[in-house]
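See structure below.
The values are calculated or read from the model by the stated rules, or taken from the named source; none is laboratory data. Keep in mind the model is a prediction, meaning the values are calculated, not measured. Cβ placement follows ideal geometry from the backbone for every residue including glycine, while neighbour counts extend to all protein chains displayed. What goes into the accessible areas is simple: the full protein's heavy atoms, side chains included, and nothing from ligands, DNA or RNA. Shrake-Rupley method; radii C 1.70, N 1.55, O 1.52, S 1.80 Å.
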Amino acid sequence: MSTAVLLSGGLDSAVLVADEATRDEVQPIYVSAGLAWEPAERAIVARVLATPPFSRRVRPLVALGGDMRDVYAATHWAIEGRPPAYRTPDEEVYLPGRNIVLLGKAGVYCATATIDRLVLGTLAHNPFPDATPAFRDAMARALTLGLAHSLHIDAPYANTSKADVIRRGAALGVPFELTLSCMAPPQSAIRNPQLALHCGECSKCRERNDAFVEAGIPDPTTYAVTANLR
């Protein structure tokens, strides 16, 4: 049995790919939705997958499209690249329907590739309605019925903190400095993906830095602005 993993290039999904690859053959899938930070993510993903933790049991990346720019307003913060500020709560970064699109498109791919398990990196603190066990079960049932292909959707880290994910990734040798968890990465992050440069001013950067502090592991991230860091 093979497993597909939704990979964004971020810390959580990178650890998830490496973790799943210790037990099974893994198909990483990147689904673009037309969001402002995606060019930087796509620039970094190839470098992440080229590192040793991903050298065995990880297939070449599959890139799919599920553009949301015809649904979100042109002035939406995720389209314009103006994310909520550093100290804003997680609820402020909710993107309606995003997991529906990601899982729907990836689920269709899984059916065509005869993959029966699809996982994503939802964490314990995720407050959004499309991050619940009930939602995942309903999506799995709908895709199984609509595609005539049995598909299980799983979130192995749904009861795990980001700090614990970092600890797991450190044990697996995941190159955290190459992962990108930022909603407003500077343009240099696209031109030079070796940097994986973070803005240091969005709430995702805060979440990332806080988790490294909690995990007791030095944060190797390059931040354009460091005044907010712990």
Next item on the list: Could you check how much of the accessible area of the chain is carbon and sulfur, as a whole percent, using a 1.4 Å probe?
Entry: 53
Margin query: About the Cα centre, and with charges only on the beta carbon of Lys, Arg (+1) and Asp, Glu (-1), how big is the dipole of region 7-81? Nearest 20 debye, please.
Written below: 320
Note to self: Contact order normalised by length for region 1-101, with contacts defined as Cα pairs under 8 Å and 6 or more residues apart; what percent is it?
What the structure shows: 27
Margin query: If I fit a long axis through the Cα atoms of helix 98-112 and take the longest principal axis of the Cα atoms of the chain, what angle between them do I get, 0 to 90°, rounded to 10?
Written below: 40
Notebook entry, point to check: Going toward the positive end of the dipole of the chain, with +1 on Lys and Arg Cβ and -1 on Asp and Glu Cβ, which of LEU35, ALA211, ALA46 do you reach last?
Noted result: ALA46
Margin query: If you fit an axis through the alpha-carbon atoms of helix 162-172 and take the longest principal axis of the Cα set of the chain, what angle between them do you get, 0 to 90°, nearest 10?
Written below: 80
Notebook entry, point to check: For region 1-114, how big is Rg over Rh, using alpha carbon atoms and the Kirkwood form of Rh?
Noted result: 0.99
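Report, to two decimal places, the Cα Rg of region 103-230 normalised by 2.2 N^0.38 Å (N = number of residues). It would help to have the intermediate numbers written out before the result.
Details: Rg = 17.3 Å, N = 128, 2.2 N^0.38 = 13.9 Å.
In units of the 2.2 N^0.38 Å rule of thumb, it is 1.25.
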Check: Which of GLY200, SER2, GLY104 sits closest to the plus end of the dipole of the chain, meaning its Cα is farthest towards the positive end, when Lys and Arg get +1 and Asp and Glu get -1 on the C-beta?
Finding: SER2
Next item on the list: For the chain, find the longest principal axis of its Cα atoms and tell me its angle to the long axis of helix 38-49, 0 to 90°, nearest 10.
Entry: 80
Margin query: Which one, ALA148, ILE115, ALA73, is farthest towards the positive end of the dipole of region 23-153 when Lys and Arg carry +1 and Asp and Glu -1 on their Cβ?
Written below: ILE115
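May I ask you to derive the relative contact order of the chain, considering only C-alpha pairs under 8 Å and at least 6 residues apart, and to give it as an integer percent? Present the calculation step by step, with values, prior to reporting the outcome.
Details: 433 pairs, mean separation 57.0, N = 230.
About 25 percent, as a whole number.
Taking Cα pairs under 8 Å and at least six residues apart, what relative contact order does region 49-155 come out at, in percent?
Across region 49-155, relative contact order equals 24 percent.
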Checklist line | Accessible area in square angstrom per residue, the chain, 1.4 angstrom probe | finding: 43
Check: Regarding region 80-130, what are the three Cα extents along the principal axes, ordered largest first, in Å?
Finding: 43, 27, 16
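Counting Lys and Arg as +1 and Asp and Glu as -1, each charge on the Cβ, what is the dipole of the chain about the Cα centre in debye, to the nearest 20? Display every interim value, and only then the final one.
Values: 22 positive and 24 negative charges, 79 e Å.
I would put it at about 380 debye.
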Margin query: Which three extents, in angstrom, do the Cα atoms of region 111-170 have along their principal axes, listed largest first?
Written below: 38, 25, 11
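Using only Cα atoms, figure out Rg for the chain and give it as a multiple of 2.2 N^0.38 Å. Show your work: numbers first, answer last.
Working: Rg = 16.7 Å, N = 230, 2.2 N^0.38 = 17.4 Å.
Taking N as the residue count of the chain, the ratio is 0.96.
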Item checked: Listed peptides 65-74, 49-58 by packing density, highest first (mean Cβ within 10 Å) -> 49-58, 65-74
